[in-house]
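The values are calculated or read from the model by the stated rules, or taken from the named source; none is laboratory data. Just so it is clear, the model here is predicted, and its values are computed rather than measured. Heads up, the Cβs are rebuilt from the backbone with ideal geometry, glycines too, and the neighbour counts pull from every protein chain shown.
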Amino acid sequence: MTAQLKILSVFIGVSLFIYIIEMVRRRKLREEYAWVWLLTGLLIVVLSIWYDLLLYMSNLLGGIYPSALLFFFGLLFLLFISLHQSIKISKLTDDLKKLAQELALQRYEKK
Amino acid sequence: MHDFVIIIPAYNEAGRLRHTIRGIQAVADAPIVVVNDGSLDGTAQEARDTGATVLDLPFNLGYGAALQTGYRYALKEGYVRAVQMDADGQHDPVSIPILLKDVQTGTVDVVIGSRFLGESDYRPPLIRKIGMVLFRNIASFLTGQKITDPTSGFQALNLRAMQFYASDAYPVDFPDADVLIMLHRSGMRFKEVPVRMHQSPKKISMHSGIVPLYYLFKMVLSIFVTLLREKYPQEEA
C-alpha cells in the first residue's frame, strides 16, 4: 500500500467517523443505525494503518490480493446494510399502514 | 341492527361508484361502508351522497389494506358478517343473498363468488389469465378443493374470517390465492358459488404494466412462506 493511499483511506475513515458522531449529536441519525457506520469508519482506519492485518487475512484465505479482500469486505458490508434497511422499511410500511387505517377509523368516529 | 355490512374499497371511482351503490341499495337492505383509498377525484363525496358510510384513508394504501380497513371498521361496530364488493360495478348485487346463505347457516366461514362457475362475460388479459390458471391449480392442490376464481373480490365472511382479514397476518399486498391457503391452514372452511360478473368498465385494471410480473412473484413467495409457517397459528390480538 502506498503512503498516499494510506493517508487517503485514513482520512476517509476518520472523516466518516466524525461525520457520524456529528449526525447523532444533531439527532439526524439514530444511535440504532449509527453503530454499523461507526464500525465501518473504524475498520477503514484500522485496516489502512495496520496493513499487516490485511495481509495476514488475505493469506489466510489462500493468498488473494489484499485489495481484492478489501473490495470483498466492502461488498459484504453494503449487502448487509441494505438488507438491514429493507427490513426496517418493511416494518415502517406496516406501521404506516396501521396508522393510516387507525386515522380513517378515528376520523369517522369523531363525526 | 343489520347483521351484515357491505364493504367497498374505492380508489378513484367517481362516476361509477354512485351507480354501483344504487345498484346494491336496490336489492339489499344493508349498511354500506366505502373505504376511500386516498382517491384524487370525487369518490368520497359521491359515496357520501348515496348515504353510505365513508372511511377516508389519508393516502393510497392499495386494495388489500383498504379492504382491511373496512373489516377493522366492521368489527369495531360489532358486525358479525360482511360482504366485500368492488367499486367499479363488476359484481352483480343480485348475488349477495346467494353469497351470504352458507355463511349465515354456518356451514362455511367464507363464500367466494366465482365468475367461472356460472355464466360470465369476463375476459381476462393473457398474462392475467396465466396467473389465474397457475394459482387456481396451486390453491386447489394445496387446499384439497376445487378453486376456480381465487382472485375474486366478491366474498361473504363470518365473524371468524372477518377477524382473520382484519389481523396483521392478512396479506394486504394483492390478497389472492395465498389468502385461501392461509384460511385452509388455519382450519377455516370456504366454498365458491357461481356469480355473474360484468367486464370492468375501467380501461386500466389494477393489474397492468410491470405489475402482473410482480404479482406472479409475490404470489409464489407468499404461498411458499405460508407453507413454511405453523399450521394453526395462535390468534394475535
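In the list A:Gly41, A:Gly62, which residue meets the criterion of being free of Cβ contacts under 8 Å to residues at least 60 places away in the same chain and not assigned by TED's automatic domain parsing to the domain that holds A:Gln4? Break it down stepwise before answering.
Working: A:Gly41 fails: not assigned by TED's automatic domain parsing to the domain that holds A:Gln4.
Every option except A:Gly62 fails the conditions.
Among the candidates B:Val5, B:Val34, B:Val111, B:Val54, which residue alone is under 18 Å from B:Pro150 (Cα atoms) and either among the β-branched types (Val, Ile, Thr) or away from chain A (no Cβ under 11 Å) (or both)?
On the way: B:Val5 fails: under 18 Å from B:Pro150 (Cα atoms); B:Val34 fails: under 18 Å from B:Pro150 (Cα atoms); B:Val54 fails: under 18 Å from B:Pro150 (Cα atoms).
The match here is B:Val111.
Among the residues of the stretch A:100-110, are any more than 9 Å from chain B (Cβ to nearest Cβ), part of a helix (DSSP H, G or I) and hydrophobic (A, V, I, L, M, F, W, C)? Give the derivation first.
Initial filter on the stretch A:100-110 (more than 9 Å from chain B (Cβ to nearest Cβ)): A:106, A:110.
Applying the additional criterion that residues be part of a helix (DSSP H, G or I) yields A:106, A:110.
Now restrict to residues that are hydrophobic (A, V, I, L, M, F, W, C): none.
Taking every residue of the stretch A:100-110 in turn, none turns out to be more than 9 Å from chain B (Cβ to nearest Cβ), part of a helix (DSSP H, G or I) and hydrophobic (A, V, I, L, M, F, W, C).
Out of the residues in the stretch B:16-53 that are surrounded by 24 or more Cβ atoms within 10 Å (Cβ to Cβ) and among the polar types (S, T, N, Q), which is farthest from B:Leu99 (Cα to Cα)?
Result: B:Thr43.
If a residue has to be within 14 Å of chain A (Cβ to nearest Cβ), surrounded by 21 or more Cβ atoms within 10 Å (Cβ to Cβ) and not aromatic (Phe, Trp, Tyr) to count, how many in the stretch B:73-96 make the cut?
Residues flagged as within 14 Å of chain A (Cβ to nearest Cβ), surrounded by 21 or more Cβ atoms within 10 Å (Cβ to Cβ) and not aromatic (Phe, Trp, Tyr) within the stretch B:73-96 amount to 1.
Find the residue count for the stretch B:37-51, including only residues that are within 13 Å of chain A (Cβ to nearest Cβ) and among the hydrophobic types (A, V, I, L, M, F, W, C).
From the stretch B:37-51, those within 13 Å of chain A (Cβ to nearest Cβ) are B:37-39, B:44, B:47-48; that's our starting set.
Now restrict to residues that are among the hydrophobic types (A, V, I, L, M, F, W, C): B:44, B:47.
Selection size over the stretch B:37-51: 2.
Failed condition for B:Ser39, given (1) touching a strand residue (DSSP E or B) at 6+ places or on another chain (Cβ under 8 Å); (2) under 21 Å from B:Gln163 (Cα atoms); (3) modelled with pLDDT of 95 or more, with all others met?
Unmet for B:Ser39, out of (1) touching a strand residue (DSSP E or B) at 6+ places or on another chain (Cβ under 8 Å); (2) under 21 Å from B:Gln163 (Cα atoms); (3) modelled with pLDDT of 95 or more: (2).
Is there a residue in the stretch A:66-84 that is away from chain B (no Cβ under 14 Å) and either closer than 19 Å to B:Val172 by Cβ or not in a helix (DSSP H, G or I) (or both)? Outline the logic, then answer.
Here is the first cut: in the stretch A:66-84, the ones away from chain B (no Cβ under 14 Å) are A:66-84.
Filter once more, so that each one left must be either closer than 19 Å to B:Val172 by Cβ or not in a helix (DSSP H, G or I) (or both): none.
No, because not a single residue in the stretch A:66-84 is away from chain B (no Cβ under 14 Å) and either closer than 19 Å to B:Val172 by Cβ or not in a helix (DSSP H, G or I) (or both).
Looking at B:Arg16, is it away from chain A (no Cβ under 14 Å) and either under 19 Å from B:Ala156 (Cβ atoms) or under 13 Å from the mean Cα position of the chain (by Cα) (or both)? Spell out how you get there, then give the answer.
On the way: away from chain A (no Cβ under 14 Å): yes; either under 19 Å from B:Ala156 (Cβ atoms) or under 13 Å from the mean Cα position of the chain (by Cα) (or both): no.
No.
Tell me whether the stretch B:144-157 contains one or more residues that are modelled with pLDDT of 95 or more, in contact with a strand residue (DSSP E or B) (Cβ under 8 Å, 6 or more places away or on another chain) and part of a helix (DSSP H, G or I).
Within the stretch B:144-157 (the criterion being modelled with pLDDT of 95 or more, in contact with a strand residue (DSSP E or B) (Cβ under 8 Å, 6 or more places away or on another chain) and part of a helix (DSSP H, G or I)), the answer is no, since none of the residues qualifies.
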